[in-house]
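Below: the structure, in structure tokens.
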Amino acid sequence: MRPLDVLQQSLHKRVLVEMKGGRSYRGVLDAYDQHLNLVLSAAEEVVNDQVTPRGGVTLLRGDSIVYISP
Amino acid sequence: MRPLDVLQQSLHKRVLVEMKGGRSYRGVLDAYDQHLNLVLSAAEEVVNDQVTPRGGVTLLRGDSIVYISP
Amino acid sequence: MRPLDVLQQSLHKRVLVEMKGGRSYRGVLDAYDQHLNLVLSAAEEVVNDQVTPRGGVTLLRGDSIVYISP
Amino acid sequence: MRPLDVLQQSLHKRVLVEMKGGRSYRGVLDAYDQHLNLVLSAAEEVVNDQVTPRGGVTLLRGDSIVYISP
Amino acid sequence: MRPLDVLQQSLHKRVLVEMKGGRSYRGVLDAYDQHLNLVLSAAEEVVNDQVTPRGGVTLLRGDSIVYISP
Amino acid sequence: MRPLDVLQQSLHKRVLVEMKGGRSYRGVLDAYDQHLNLVLSAAEEVVNDQVTPRGGVTLLRGDSIVYISP
Amino acid sequence: MRPLDVLQQSLHKRVLVEMKGGRSYRGVLDAYDQHLNLVLSAAEEVVNDQVTPRGGVTLLRGDSIVYISP
């Protein structure tokens, strides 16, 4: 198994994405690429336990990502 | 779907762009490239809830971008 | 021996991964690639001695990693 | 349109360039390249609302740039 | 002599590795590559004069390294 | 004109170089390359308005440079 | 002259190397490469005017270097 296979298995499932700087996102993984750029739908932003819904799809830039977990 | 397809679908629509360092921009997406460099027109800059209009077009450098959302 | 051979030897064993910014993860190493992207299963996140279990698999982005140790 | 086309259209016009770290520059765009390295003439540096004129031409390194706007 | 020759000469000897962010490691250099990824065995972590032994081998990511010294 | 042409025109003239982190250098530009690595002779370092002369030539690493101005 | 020629001329002479984060090193330049990785012998580390001798040779990673001066 290669690390990106985890993203393939997580497609269309809810994931938690932790970003550099303390922000995190929860949403359904709709797409990814080899730079770890991600697209989440039905996303929520979590900063210091405060949750903000983000309608539509959100594109997260790969190089700001620390980890992705289900 | 690939992550950059989201940008293709967002062309000529309003987007919210969060930058590293806490600044964000709202505007109409006029152009993008594979580095996530973006061009917004009718852009507004938002820093700590303070909104500053930026006339004309604004070019945002891709490597300062955290996420792009509609 | 090359540095990545250590990861090969650690496959399916528990490792400790220290990230930039003071966060660390413990879990079983399920996969890695040449960018040091890692997949941990049964992972726990450790921040300031506080341990949070992370169910399922966690993908850690290589460029946020400081060190990996058994 | 591609993002760098905005720079082509801004050649010989006044632009505002916001840099990482809170500094910004206003001046006439004399040259650019694909790394977003820029040359401004008749430039002014703006830090915390304090304006310092910079005579001659100023070369701004692309990877310190956050955005460029007219 | 090229800089990486120093690593070749230090193989199987004790080294001190200073990392970005103020952490350092002492241990026996078991392996290295051209990215300065290093493997130390019998390593100790030193943070603010506090020493923590790290059993087994430790893989240090090259781009977090500031210097390596005997 | 390309941005690096400005460096060609500034050869053997005094320049001001602002670095990331608030340090700046004044000196005569003796050499440059495409990474913006610079060599200054008769250089002075300026930190918080304190000026320190640096005898001989000084090599400034390009990726720490914010701007170069005459 | 190209910037790296300065390193060639400084071989086997004492140099001062300023690193990102406020640390600096003085020592005899024994080797360098095109990434500005440097090897110093008889090196001293200087942090806040405190000098610590570093016996043997020290390998400094190029991307942490701000400037090199005689």
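The values are calculated or read from the model by the stated rules, or taken from the named source; none is laboratory data. Please read all numbers here as calculations on a predicted model, not as lab measurements. A quick note on method: Cβ atoms are made from the backbone with ideal geometry, for glycine too, and the neighbour counts reach across all protein chains shown. SASA here: full protein model, heavy atoms, side chains in, ligands and nucleic acids out. Shrake-Rupley method; radii C 1.70, N 1.55, O 1.52, S 1.80 Å.
Tabulated data for the structure shown
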item	result
Number of the condition not met by D:Val47 [criteria: (1) within 7 Å of chain F (Cβ to nearest Cβ); (2) out of contact with any Asp or Glu (no Cβ under 8 Å at 6 or more places or on another chain); (3) over 20 Å from F:His35 (Cβ atoms)]	(1)
Residue in the stretch G:1-19 that is surrounded by the fewest Cβ atoms within 10 Å (Cβ to Cβ), counting only those that are among the charged types (D, E, K, R) and within 22 Å of F:Met19 (Cα to Cα)	G:Arg2
Filter pass, G:Asn37 being under 20 Å from F:Asn37 (Cα atoms) and among the polar types (S, T, N, Q)	yes
B:Leu16 vs. criteria within 12 Å of chain D (Cβ to nearest Cβ) and of a type outside the set (D, E, K, R)	no
Filter result (open to solvent by less than 10 Å² (accessible area, probe 1.4 Å), of a type in the set (A, V, I, L, M) and either in contact with a Cys (Cβ under 9 Å, 6 or more places away or on another chain) or more than 15 Å from E:Leu59 (Cβ to Cβ) (or both)) within the stretch C:23-36	C:Ala31
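Every residue, every condition in (1) touching a residue at least 12 places away in the same chain (Cβ under 8 Å); (2) out of contact with any helix residue (DSSP H, G or I) (no Cβ under 8 Å at 6 or more places or on another chain); (3) surrounded by fewer than 18 Cβ atoms within 10 Å (Cβ to Cβ), yes or no:
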| site | (1), (2), (3) |
| --- | --- |
| D:Gly21 | yes, no, yes |
| D:Leu38 | yes, no, no |
| D:Val47 | yes, yes, yes |
| D:Gln50 | no, yes, yes |
| D:Val57 | yes, no, no |
| D:Arg61 | yes, no, no |
| D:Ser69 | yes, yes, no |
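One line per residue, one yes/no per condition, for (1) more than 18 Å from D:Ala31 (Cβ to Cβ); (2) at pLDDT below 95; (3) more than 7 Å from every other protein chain (Cβ to nearest Cβ):
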site	(1), (2), (3)
F:Val6	no, yes, no
F:Arg23	yes, yes, yes
F:Asp30	yes, no, no
F:Pro53	yes, yes, yes
F:Thr58	yes, yes, no
